[in-house]
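Notes to accompany the following structure.
The values are calculated or read from the model by the stated rules, or taken from the named source; none is laboratory data. If you're wondering where the values come from, they're calculated on a predicted model, not measured in any experiment. Virtual Cβ from ideal backbone geometry, glycine too; neighbours counted across all protein chains shown.
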C-alpha cells in the first residue's frame, strides 16, 4: 500500500465537472492498493496518516498532526501509484496494483478507519475508479510518501 500525503490549505475533487468533495486546511491522501495488501494494513496506514506530524507548532517545527490542527482529510484512490518501474521502456505497468474489487474493499476499510480513528465529519473522498479532477494548494510544500508492505 502506498500513500502520497500532501499538506494543503485547500483541495477539491470534481467528478463529471461537479464538485464531489472539498476541504479547507488539512491533508490530501492519494492511496494506491497493491496486490497482497490486506485489511490490517489498511487500518494501520489510516492510523499512521492521522498521526503523521506534518503541521507546524508555535516554534515552526513539524510536530503537529491533522488532529492537533483540526484539519480535514480528502482521500483519492490512485492505482497509478502502483507502477512496476523496474522494467525497461517508458510505458508504466500496473501489474502491482490490486484487482479493482479487492482494492475498493481495502480503500473503503481505510476510509472507515480514518472516520473511526479521527472524525467522521472531517473525512472526505473521491469515488473509487472514477475519472476525477483533483485541485489542491500544497502548503509548504509538504509531501510525504508512506509505503507499507505485508
May I ask you to list pairs of residues, at least six apart or on different chains, whose Cβ atoms are under 7 Å apart, with the first in region 1-17 being surrounded by fewer than 16 Cβ atoms within 10 Å (Cβ to Cβ) and the second being part of a strand (DSSP E or B) and at pLDDT 95 or above? 9/137; 9/139
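How about region 47-77: which of its residues are in a helix (DSSP H, G or I) and either modelled with pLDDT under 95 or within 13 Å of the chain's Cα centre (by Cα) (or both)? Before you say what the answer is, go through the steps one by one.
Residues of region 47-77 in a helix (DSSP H, G or I): 47-51.
Of everything in region 47-77, those that are in a helix (DSSP H, G or I) and either modelled with pLDDT under 95 or within 13 Å of the chain's Cα centre (by Cα) (or both) turn out to be 47, 48, 49, 50.
Those residues that are part of a helix (DSSP H, G or I) and touching a residue at least 12 places away in the same chain (Cβ under 8 Å), I need them from region 92-104; list them, please. Step through it out loud before you land on a result.
At the first step, the residues of region 92-104 found to be part of a helix (DSSP H, G or I) are 100-104.
Result: 100, 102, 103, 104.
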Examine region 27-40 for a residue that is closer than 17 Å to residue 117 by Cβ and out of contact with any helix residue (DSSP H, G or I) (no Cβ under 8 Å at 6 or more places or on another chain), and state whether such a residue exists. yes
Yes or no: region 121-135 includes at least one residue that is more than 20 Å from residue 10 (Cα to Cα), surrounded by 13 or more Cβ atoms within 10 Å (Cβ to Cβ) and within 13 Å of the chain's Cα centre (by Cα). yes
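Every residue, every condition in (1) under 22 Å from residue 18 (Cα atoms); (2) touching a strand residue (DSSP E or B) at 6+ places or on another chain (Cβ under 7 Å); (3) in contact (Cβ under 8 Å) with a residue 12 or more places away in the chain, yes or no:
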position: 47; (1), (2), (3): no, no, yes
position: 71; (1), (2), (3): no, yes, yes
position: 128; (1), (2), (3): yes, yes, yes
position: 133; (1), (2), (3): yes, yes, yes
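Going by the structure shown, is residue 89 modelled with pLDDT under 95 and either in a loop (DSSP other than H, G, I, E, B) or farther than 19 Å from residue 5 by Cβ (or both)? Let's see the steps before the verdict.
Details: modelled with pLDDT under 95: yes; either in a loop (DSSP other than H, G, I, E, B) or farther than 19 Å from residue 5 by Cβ (or both): yes.
Yes.
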